[in-house]
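Okay, structure first, notes after.
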Amino acid sequence: MNRELDKKLEQTIWVARSLFQRGKTAGSTANISFRHEGCIYISGSGTCFGTLQKEEFAVMDPEGKHIKGPKPSKEFPLHKLLYDKKEARAVIHTHSFYATLWSCLAHESTEDVIPDYTPYLRMKVGRIGMVPYGEPGSRELFTLFEKCIPNSDGYLLQNHGPVIWGKDVMSAFYGIEELEESAKIAWHLQVQLQHTAKKADNIQGKHLLK
């Protein structure tokens, strides 16, 4: 194994374990990949971010043919679409809590669903689009995802979770971290605004009763 590939694998495993250890994903629900010398290295089907090893990456050629290693994640086509249509060098898909929670809500604009309360999501990723629901690993999901790719910079799969790409695995990691934090801020602000509005309505109602 050459030094550059070994470094990429080590970095990717560090990212995966960091996400797992901090509760950003659980069980075998996430997948991660990177490009190296024309091939795509993706975490194998059923692997866990908390225990991921170098030998648990499937190696795929640019056309999506399995070269070696374990069976790739069933969501490999999501990764391949980003490698084909964006300047992606790494892709991360998780089921992190707040991003997934936000993906379960209805949104006015499906091309930009995360409010930019802070500037950092725009800086690190850009606009986050909502991909309509398709069963995980299904051709329907991949078709829906492909249609949404040109309209946004990062993605939430409806009722499913986030997909972020980057120029390398660390930039994808920073992006998916910022997406989760932005979704968390948006969720809590929405709850607070609803609470404030309800409290104001109650106060107004009391005045009307006097």
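Taking the alpha-carbon distance from Lys71 and a cut-off under 13 Å, which aspartates and glutamates remain once sequence neighbours fewer than 8 residues away in the same chain are dropped? Output for Lys71: Glu55, Glu56.
Pull out the extension gain between Arg22 and Val59, defined as 0.36 nm times the separation in residues minus the alpha carbon to alpha carbon distance; nm, one decimal.
Answer, rounded to one decimal: 10.6 nm.
Starting from the Cα gyration tensor of region 77-140, take the square roots of the eigenvalues, sort them a ≥ b ≥ c, and report rounded, prolate or oblate (rounded when a/c is under 1.5, otherwise prolate if a/b is larger than b/c, else oblate). Since a/c reaches 1.5 but b/c is at least a/b, the shape of region 77-140 is classed as oblate. Straightening the chain between Lys7 and Tyr133 buys 41.8 nm, computed as 0.36 nm per residue apart minus the Cα-Cα spacing.
For region 1-135, taking Cα atoms only, Rg and Dmax work out to 15.6, 49 Å respectively. For region 130-176, the set of chymotrypsin sites (Phe, Trp or Tyr not before Pro) satisfying both a DSSP loop assignment and a count of at most 11 other C-beta atoms within 10 Å is empty. Any idea what angle helix 76-85 forms with the longest principal axis of the chain, computed on alpha-carbon atoms, 0 to 90 degrees, nearest 10? For 76-85 against the chain, the angle is about 90 degrees.
In sequence order, region 91-98 has phi-based couplings of 9, 10, 10, 10, 10, 4, 4, 6 Hz under the Karplus curve 6.51 cos²θ - 1.76 cosθ + 1.60, θ = phi - 60°, and Gly or Pro positions carry x.
Of the cross-linked pairs Lys65/Lys147; Lys85/Lys147; Lys65/Lys124; Lys24/Lys86, those separated by over 21 Å at the C-alpha level are Lys65/Lys147; Lys65/Lys124; Lys24/Lys86.
For region 118-134, the Karplus equation 6.51 cos²θ - 1.76 cosθ + 1.60, evaluated at θ = phi - 60°, returns couplings of 10, x, 6, 5, 4, 5, 8, 10, x, 7, 9, x, 9, 8, x, 5, x Hz by residue, with Gly and Pro reported as x.
Computed from the coordinates by the stated procedures, all read-outs in this text should not be read as laboratory data. Small disclaimer: the values here were computed from a predicted structure and weren't measured. For neighbour counting, all protein chains shown are included, and Cβ atoms are generated from backbone atoms with ideal geometry for every residue, glycine included.
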